[in-house]
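The values are calculated or read from the model by the stated rules, or taken from the named source; none is laboratory data. Note that this is a predicted model, so its numbers are computed, not measured. Cβ sites come from the backbone with ideal geometry, for glycine too, and all protein chains shown count toward neighbours.
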Amino acid sequence: MIEDNRKLAAIVFTDIVGFTKLTASDQKTASELLDLQREHFKPLVESYHGKWVKEVGDGLILTFDTINKAVHCCVKIQEIAKNIEFLSLRIGIHLGEILEKDNDIIGDDVNITARIEPFSAPGGIAISNKVNDAIVREPDFKTKYIGKPKLKGVGQIVEVYCIISHNLPETKLSQVSAKLEKSISIWQISLAALLVLSIGTYWLLTKKPSVMSVAVMYMEISGREEDQYLETMTEDLIFDLSKALPGQLKISEAAAVRKLKNTDMEIADIAKSLGVRFVFKSSLQRSGDGFNLRCRLVEAETGNDKFINKWFIEQSSLQSIVGVLVENIIKGLDISMASELAKIEYDAESYKLYLQAKDIYARSDNVEKDLEAINMMKDAIVLDDKLIAAQLKLGQMYYDNADYEDAEKMFIKSLKKSRQLEDNTNIAESLRKQGQLFRKQRKNDMALEKFNEALSMSTVMNDKNSMAKIMNSIAILYYRTDRYDDALEYWLQAFNIAKEFDDKLKISKYVNNIGIWYWKDQDYSKAIDYYEKSLAIKEELGDIRNFGKTLNNLGEVYYDMGDFENAILQFNKSIGIKEKLNDKKGLNSTLYNLGEAQVLNEDYEMGLSNLHKSLSIAISLNNIYQISERYKAIGIAHYNMAKYDSASFYLNKADSIYFEMPVNRLTTLSWLAIISMKSGNEDFTDNYINYFNDLIVEHDPINKDIISMNWNMYQVYLLKGNQKLGKEYLENAYLEIKSHSKNIKNKADRNQYLSVNIHQNIADEWNK
């Protein structure tokens, strides 16, 4: 019997920097350097119980029984090398399987280590993700993420880090001869490093904003109930202030301050929750034919007023209020402007209608109110087409009500008028709105074109708030079109801007989105980590709506890795929030997720209850696809309970809807085939098989259905006595599990996934 000398080992490759050049100029010194290397390092390696495998030119190949021994030995090697003239080393370390043969080692992981070594800085140490996962638990070690290089001759994806503690230099990509994947630029990697450092410390540290920052609180209206619509000027004030100072000032978004309307919080607490230095408050009080306008700007840390002002504003001059307040805030913050504020006079009645329409729409809870607001906004535009804000708002109203044709017309109108008035901010916003509309309609190329135009305009203005908003829009588009690395790149850019402005609301959003990226990349542990960090910020801000959304996202990660108990816990938390907010659409999706998780966790009663609740909402929303998905899930639940008649009933209802969706039909047909077979209706089984075979020729199944579909068909053919054909479907299911599990980054997450009942059953059958 031939002895198999395979084993797991920590593999080390070293290389002397500039050795070839030294050999050409001074061969004697080069030779002496090799002797010194051998003299100093071989005893050291042996002292750490390492193996001096061989010398390859000026390089060394070493192995160690543990990562700990390998890393500590290499740190010591670099420490000694610093004191030897001309001896500057690059070192790479990886953990993997080796085959010892003829005083040498071979294997894929040996090749990986060789490819990692060039990513080390001179005098530094580069390591794989496997090594990083082991040493980051040690408090003395700190590492920095470099990227996912495309390693020559290596099929698998390997994350590369460098050790930045123990006086070791970090990798500068300009000093690295190896190349990263084309999809990951040098610029992106530096941002990724920033992300690791910034996100990792953000919630651990209390940090003053590094830029001038202000929260513009909602205007307080007193006097008459019918005057409450005037508070909507706050949104225009926030927009115009940002427009006046692009890239110079962090301003809390309207959505954030809206939550704090009529709050009794202290100024300091408001500032802390929004991450700003100043808080601006204003009020309008009815007085005869006009209003008393009061405002104050407070420095939160000291409680001192930068200014307190008051004026009388005539009813006919309401449109001047925003401009007056913008000028006062800028003056109070002592910010110099690059140019004078553009002052456009609006028709008084038009502006009043615009504000009233916004107020009605914000408070609307039915189609009739929406229509009333839309008609009022149309009237405002007829009276004064210079009021671009009204055009943008009307376009958004049409968009919200799925009237995409009219929405497009209005965004084109706002773009044209913005260009006439040379209003660059509204040019960018009109283009962004068009991009969002095209993205909604899946006109992806057109959407990207508009987003890029908008980004170019915002970049010219150095309007970083707008740039971040557009970058996020582009990232979402890339993500939805499976360009995941491009999506990450733009989210990192947006995050970088948000971090610069210490904008907690946006940081939480982008951290959540990066969590989505890691979820898609099957790095479940990192996805969970980012979601939890996003939740921490949302909780601090009181951002309940998005807190509920992120909880749902967190539940989906646990679901995908097969941890159904934790998935159920997060889904229930999310549902509690969505019920309070009466978020019908959000409740629909999370109830569906919860029901499926409960069924897989064998809590059939609760699972069916929640699936039926989700079905009812889907029916009320007239979402045909969701209705069919709910029928299918309910049918599968009944099958798992061995209630074949009711399972068949619901699956047939799903199949009737799927009839025009061949890809979706494949799964339902596989379920109907196994149900009819187990019910003794073999004739029906043959019909379902025939339908299935006709479709499978031209259509690939949806990824998430591949395992269950193939498992069903395996059981069908096994019961029919056709083991050969059944084996083919079993193999498909098994290979899909293996392929999916292989891509899961974390070992514990991988084991959790493999422990799911259906995955275990398939593996057991395959290994018989």
Exercise. Can we say Ala389 is under 22 Å from Ser466 (Cα atoms), out of contact with any Leu (no Cβ under 9 Å at 6 or more places or on another chain), buried (at least 18 other Cβ atoms within 10 Å of the Cβ) and among the small types (Gly, Ala, Ser)?
Worked result: yes
For this session: Quick one: count up the residues across segment 31-57 that are within 17 Å of Ile16 (Cα to Cα), without any contact (Cβ under 8 Å) to a residue 12 or more places away in the chain and not in a strand (DSSP E or B).
Result: 5
Problem set entry | Residue count, segment 31-51 (criterion: more than 43 Å from the chain's Cα centre (by Cα) and either closer than 25 Å to Asn132 by Cβ or buried (at least 19 other Cβ atoms within 10 Å of the Cβ) (or both)) | 8
For this session: Check segment 115-127 and report whether any residue there is assigned to a loop (DSSP other than H, G, I, E, B) and surrounded by fewer than 21 Cβ atoms within 10 Å (Cβ to Cβ).
Result: yes
Exercise. Which one of these is crowded, with 18+ Cβ neighbours inside 10 Å and within 19 Å of Lys653 (Cα to Cα): Leu591, Leu615?
Worked result: Leu615
Problem set entry | Residues (of a type in the set (A, V, I, L, M) and either assigned to a helix (DSSP H, G or I) or touching a helix residue (DSSP H, G or I) at 6+ places or on another chain (Cβ under 9 Å) (or both)) located in segment 100-114 | Val110, Ile112, Ala114
For this session: Check segment 518-534 and report whether any residue there is within 30 Å of Leu249 (Cα to Cα) and either modelled with pLDDT under 90 or assigned to a loop (DSSP other than H, G, I, E, B) (or both).
Result: no
Seminar exercise, completed: Within segment 419-441, restricting to residues that are of a type in the set (D, E, K, R) and in a helix (DSSP H, G or I), the one that is farthest from Ala454 (Cα to Cα) is Lys440
Exercise. Which residues, taken from segment 6-30, are of a type in the set (D, E, K, R) and in contact (Cβ under 8 Å) with a residue 40 or more places away in the chain?
Worked result: Arg6, Lys7, Asp15
Seminar exercise, completed: Among the residues of segment 556-599, the number that are among the hydroxyl-bearing types (Ser, Thr, Tyr) and within 21 Å of His759 (Cβ to Cβ) is 2
